[in-house]
Ligand SMILES: [Zn+2]
């Protein structure tokens, strides 16, 4: 099953980033281009302070990032992510806060920029343009297989969304071309999602290795949750393949900056 891509590269104020025409709310999927960080592995739009960058560089990069959304860092919400399925509903009183052990945000309030950090994991932005609800989820393989996407959809529905109105954009992430995993990975996905699912999305390669596709896994779980095929778009670009454009944890063996995806009403 091939999902719509609908992503396009855009530029504003010196930043190069992706957007999806599947979403109507202001949003951004950053690349590594357009920031002030100078060290080669952080160059140039590193957006997290835990990568050994200078604080003033990260602050300036975040200022540029939020400016593309017509906002500022005082209205920005971020998290230290732990590959969980914990999603926080935030409101304007949370503006400017950093949370710990959270892997997603959902809000109904205007003016609060919700974000997730990525460097191979899948950034998932959701929007119900009818009820005016937005979400940002971080989905690595563990969060993906644990069902963070479906959990996000459940929260939208609990806030009044009609499932037919929810639109989803899965941004640049590592794809099956590069995402080699061990047998333990297969066993984990098997225990979380069952044999049919793990056989479909974790493929055996050479020398006992397995390859997986987290974007496809998330799409499958979103369809199971009731999201319509037409309302899902998936960026086909692989963060591990294109090191000039993206930070990749896998390609850099962990010596890399961090990108973010964010959305605001
Ligand atoms: Zn690749």
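The values are calculated or read from the model by the stated rules, or taken from the named source; none is laboratory data. Here the structure is a predicted model, which is why all the values come from computation and not from measurement. As a convention, Cβ positions derive from the backbone with ideal geometry for all residues, glycine included, and neighbour counts pool all protein chains shown.
Condition check ((1) at pLDDT below 95; (2) over 17 Å from the mean Cα position of the chain (by Cα); (3) outside the structural domain of residue 78 (by TED's automatic domain parsing); (4) crowded, with 18+ Cβ neighbours inside 10 Å) across all residues:
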position	(1), (2), (3), (4)
226	no, yes, no, no
230	no, yes, no, no
233	no, no, no, yes
237	no, no, no, yes
246	no, no, no, yes
251	no, yes, no, yes
259	no, no, no, yes
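How many residues does segment 217-259 contain that are assigned to a loop (DSSP other than H, G, I, E, B) and within 16 Å of the ligand (Cβ to nearest atom)?
19
Which members of segment 37-52 meet the condition of being crowded, with 20+ Cβ neighbours inside 10 Å and more than 20 Å from residue 99 (Cα to Cα)?
Scanning segment 37-52 gives 37, 42, 45.
Would it be correct to say that residue 34 is surrounded by 18 or more Cβ atoms within 10 Å (Cβ to Cβ) and touching a strand residue (DSSP E or B) at 6+ places or on another chain (Cβ under 8 Å)?
yes
Let me confirm something: among 181, 202, which residue is closer than 22 Å to residue 117 by Cβ and modelled with pLDDT under 95?
It is 181.
Could you please let me know if residue 166 is in contact with a helix residue (DSSP H, G or I) (Cβ under 9 Å, 6 or more places away or on another chain), assigned by TED's automatic domain parsing to the domain that holds residue 21 and more than 16 Å from the ligand (Cβ to nearest atom)?
The answer is yes for residue 166.
Can you tell me which condition residue 104 does not meet? The list is (1) surrounded by 15 or more Cβ atoms within 10 Å (Cβ to Cβ); (2) outside the structural domain of residue 255 (by TED's automatic domain parsing), and all the others hold.
Failing condition for residue 104: (2).
Inspect segment 174-181 for any residue being assigned to a strand (DSSP E or B) and more than 18 Å from the chain's Cα centre (by Cα) and give the result as yes or no.
Scanning segment 174-181, I find at least one residue that is assigned to a strand (DSSP E or B) and more than 18 Å from the chain's Cα centre (by Cα), so the answer is yes.
Just one of the numbered conditions (1) within 16 Å of the ligand (Cβ to nearest atom); (2) over 16 Å from residue 5 (Cβ atoms); (3) in the same structural domain as residue 67 (by TED's automatic domain parsing) is not true of residue 181; which one?
(3)
Restricting attention to segment 85-126, report how many residues are free of Cβ contacts under 8 Å to residues at least 60 places away in the same chain and out of contact with any strand residue (DSSP E or B) (no Cβ under 8 Å at 6 or more places or on another chain).
2
Identify the residue in segment 191-216 that is in a helix (DSSP H, G or I) and in contact with a strand residue (DSSP E or B) (Cβ under 7 Å, 6 or more places away or on another chain) and, among all such residues, is farthest from residue 137 (Cα to Cα).
Filtering first and then ranking leaves 201.
Do you know which residues across segment 53-66 are outside any helix (DSSP H, G or I) and within 16 Å of residue 259 (Cβ to Cβ)?
We begin by selecting, within segment 53-66, every residue outside any helix (DSSP H, G or I); these are 53-54.
If the condition is that a residue be outside any helix (DSSP H, G or I) and within 16 Å of residue 259 (Cβ to Cβ), then 53 is the only one that fits.
Return yes when residue 189 is within 16 Å of the ligand (Cβ to nearest atom), outside the structural domain of residue 24 (by TED's automatic domain parsing) and either surrounded by 21 or more Cβ atoms within 10 Å (Cβ to Cβ) or touching a residue at least 40 places away in the same chain (Cβ under 8 Å) (or both) and no when it is not.
No, not satisfied.
Touching a strand residue (DSSP E or B) at 6+ places or on another chain (Cβ under 9 Å), in the same structural domain as residue 27 (by TED's automatic domain parsing), crowded, with 17+ Cβ neighbours inside 10 Å and assigned to a loop (DSSP other than H, G, I, E, B): does that describe residue 71?
Considered against the rule, which asks whether it is touching a strand residue (DSSP E or B) at 6+ places or on another chain (Cβ under 9 Å), in the same structural domain as residue 27 (by TED's automatic domain parsing), crowded, with 17+ Cβ neighbours inside 10 Å and assigned to a loop (DSSP other than H, G, I, E, B), residue 71 comes out as yes.
Among the residues of segment 133-151, are any under 23 Å from residue 201 (Cβ atoms), within 11 Å of the chain's Cα centre (by Cα) and within 16 Å of the ligand (Cβ to nearest atom)?
Looking for residues that are under 23 Å from residue 201 (Cβ atoms), within 11 Å of the chain's Cα centre (by Cα) and within 16 Å of the ligand (Cβ to nearest atom), one finds at least one in segment 133-151, hence yes.
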